[in-house]
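**Q** Mind looking over this structure? Questions follow.
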Amino acid sequence: MSSVASNSAEPVIRCENVFKIFGDNAKRMLQESGGVVDAAKFQENGCIVGVNNASFEVHQGELLIIMGLSGSGKSTLLRCISRLTQSTAGNIYIDGEDITSLNNRKLIQLRRNKMGMVFQSFALLPHKTVLENIAFPLQVKGVSTQDSIKRASEMVELVSLSGRENYFPRELSGGQQQRVGIARSLAIEPDIWFLDEPFSALDPLIRKEMQDEFLRLQGVLSKTILFVTHDFDEALRLADRIAIMKDGIIEQLDTPANIVLNPATEYVRKFTEEVPREKVLKIESVMDPVDTTAGATDLQVSKDAVIETVAELILTAGKPVSVVDSTGEVVGTVHASKVVNVLFGGRSAQQAGTPL
């Protein structure tokens with residue numbers, strides 16, 4: 001997960017009261033509704049509500065995952081923000097500029113220079129090699145063949161496809177094809193990265209590998225990312241924040257831990273009720289203040305580490321373990337008993353409404 005910029009900074013993306021309603025009467029009905037949209041009434045009048053009054057911000061370096069069941073509006077919202085679909089009402093700002101009013105020329109320029117997109121369909125050009133596929137968007141922008149191939153070669157190395165530069169898509173596995181798609185979208189050095197179910201066509205093992213690769217890339221590149229998925233485990237693993245949608249409405253937008261521990265609606269609660277807390281809680285949430293008398297081990301864990309990933313180390317340490325921040329400074333101590341409580345006692349405590 002990325003290190004997100006302070007919320008005081010200007011957001012990279014800002015959505016204000018965004019609606020997308022499909023149907024001939026959409027704009028008229030929206031005006032008559034006064035912005036209070038009843039999806040069932042709209043449907044009775046031949047309109048389908050895709051996005052219903054979405055307002056939120058995404059900051060520099062943040063990875064926001066938009067998720068929900070099929071038909072919840074998650075892909076429609078992503079397409080509105082990238083303006084692959086024109087919203088019915090509302091404002092969408094990219095770096096402070098309202099893109100809903102851009103003409104086609106400016107919109108194309110924005111996409112070419114600021115946006116990278118990866119979809120479930122790999123959409124590789126079958127007659128071009130890996131290198132040529134990655135270089136293609138650069139050549140469309142007018143970059144010379146020599147420079148575009150050089151940049152594409154760097155991207156091949158970044159996504160660990162060295163040695164396969166001259167393969168054609170049909171000679172690659174599904175995971176390798178998806179890596180080419182990712183490399184191609186990154187070749188233009190986008191400020192904003194849109195990913196719509198990028199790993200859902202892959203089998204579970206390759207999907208896990210691609211998630212690992214994605215986390216590695218984000219650790220290196222710190223892109224501002226909107227990522228659509230229906231897989232909650234994937235969202236928990238990757239996201240800085242998660243937006244859960246239902247019938248076009250964002251039910252809750254929050255950190256993974258708060259989504260699980262403090263669901264805002266009954267729908268979110270049901271959506272998350274089976275999620276083990278050790279998958280979302282970070283060490284910071286269970287650490288104690290620094291205790292110099294406790295005789296901590298020489299072992300250290302990051303305050304941002306998810307409990308599940310370091311539980312075994314802490315439980316077998318024999319003594320409290322020091323907790324450090326990103327600079328390596330000790331900021332707390334974590335005791336095995338706290339981890340045991342999360343792993344084995346947390347579920348009943350959560351259901352009873354008692355604190356850790």
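**Q** Would you tally the residues in the range 129-155 being of a type outside the set (Ser, Thr, Tyr) and surrounded by 15 or more Cβ atoms within 10 Å (Cβ to Cβ)?
**A** 15
**Q** For the range 66-87, how many residues are part of a loop (DSSP other than H, G, I, E, B) and either surrounded by fewer than 22 Cβ atoms within 10 Å (Cβ to Cβ) or within 18 Å of the chain's Cα centre (by Cα) (or both)?
**A** 11
**Q** List pairs: first residue in the range 102-114 and touching a residue at least 12 places away in the same chain (Cβ under 8 Å), second residue among the acidic types (Asp, Glu) anywhere in the structure, Cβ distance under 6 angstrom, at least six positions apart or on different chains.
**A** Every condition considered, the pairs that remain are LYS114/ASP191.
**Q** Could you tell me which of the residues THR309, THR272 is among the hydroxyl-bearing types (Ser, Thr, Tyr) and touching a helix residue (DSSP H, G or I) at 6+ places or on another chain (Cβ under 6 Å)?
**A** Just a single option satisfies the conditions, and that option is THR272.
**Q** Kindly list the number of the only condition in (1) under 24 Å from ALA183 (Cα atoms); (2) among the small types (Gly, Ala, Ser); (3) assigned to a strand (DSSP E or B) that fails for GLY90.
**A** (1)
**Q** Same structure, new question: Considering only the range 136-176, how many residues are part of a helix (DSSP H, G or I) and among the aliphatic types (A, V, I, L, M)? Spell out how you get there, then give the answer.
**A** Narrowing the range 136-176 to residues part of a helix (DSSP H, G or I): 136-140, 145-158, 169-171, 174-176.
Next, from what is left, pick out any that are among the aliphatic types (A, V, I, L, M): 138, 140, 149, 152, 155-156, 158.
Residues meeting the conditions: 7.
**Q** Can you pull out the residues in the range 159-183 that are out of contact with any Leu (no Cβ under 7 Å at 6 or more places or on another chain) and under 20 Å from SER75 (Cβ atoms)?
**A** Hit for the range 159-183 is ILE182, nothing else.
**Q** So which residues in the range 28-62 are in a loop (DSSP other than H, G, I, E, B) and in contact with a strand residue (DSSP E or B) (Cβ under 9 Å, 6 or more places away or on another chain)?
**A** Within the range 28-62, GLY35, VAL36, VAL37, ASP38, CYS47, HIS59, GLN60, GLY61, GLU62 qualify.
**Q** Here's a follow-up. Could you tell me whether the range 121-132 includes any residue that is assigned by TED's automatic domain parsing to the domain that holds ILE244, part of a loop (DSSP other than H, G, I, E, B), among the hydroxyl-bearing types (Ser, Thr, Tyr) and farther than 18 Å from ILE182 by Cβ? So that I can check it myself, show each step before the final result.
**A** Within the range 121-132, the first condition is being assigned by TED's automatic domain parsing to the domain that holds ILE244, and the residues that meet it are 121-132.
Checking the rest, the ones that are also part of a loop (DSSP other than H, G, I, E, B) come to 121-129.
If we keep only those that are among the hydroxyl-bearing types (Ser, Thr, Tyr) as well, we get 121, 129.
If we keep only those that are farther than 18 Å from ILE182 by Cβ as well, we get none.
No, because not a single residue in the range 121-132 is assigned by TED's automatic domain parsing to the domain that holds ILE244, part of a loop (DSSP other than H, G, I, E, B), among the hydroxyl-bearing types (Ser, Thr, Tyr) and farther than 18 Å from ILE182 by Cβ.
**Q** So GLU165 passes all but one of these: (1) touching a Ser or Thr at 6+ places or on another chain (Cβ under 9 Å); (2) surrounded by 21 or more Cβ atoms within 10 Å (Cβ to Cβ); (3) farther than 20 Å from SER222 by Cα; (4) not aromatic (Phe, Trp, Tyr). Which condition number does it fail?
**A** Going through the list (1) touching a Ser or Thr at 6+ places or on another chain (Cβ under 9 Å); (2) surrounded by 21 or more Cβ atoms within 10 Å (Cβ to Cβ); (3) farther than 20 Å from SER222 by Cα; (4) not aromatic (Phe, Trp, Tyr), GLU165 breaks only (2).
**Q** Look at GLY175 and say whether it is touching a Phe, Trp or Tyr at 6+ places or on another chain (Cβ under 6 Å) and of a type in the set (Gly, Ala, Ser).
**A** Criteria not met by GLY175.
**Q** If I filter the range 47-58 for residues that are under 18 Å from the mean Cα position of the chain (by Cα), modelled with pLDDT of 90 or more, under 19 Å from LEU77 (Cα atoms) and of a type in the set (D, E, K, R), do I get at least one hit? Explain how you work it out, then say what you get.
**A** Step one: list which residues in the range 47-58 are under 18 Å from the mean Cα position of the chain (by Cα), which gives 54-58.
Subset that is modelled with pLDDT of 90 or more: 54-58.
Retained after the next criterion (residues that are under 19 Å from LEU77 (Cα atoms)): 54-58.
Restricting the remaining residues to those that are of a type in the set (D, E, K, R) gives 57.
Yes, the conditions are met somewhere in the range 47-58.
The values are calculated or read from the model by the stated rules, or taken from the named source; none is laboratory data. Just so you know, these numbers come straight off a predicted model, no measurement behind them. All Cβ positions, glycine included, derive from the backbone under ideal geometry; neighbour counts span all protein chains shown.
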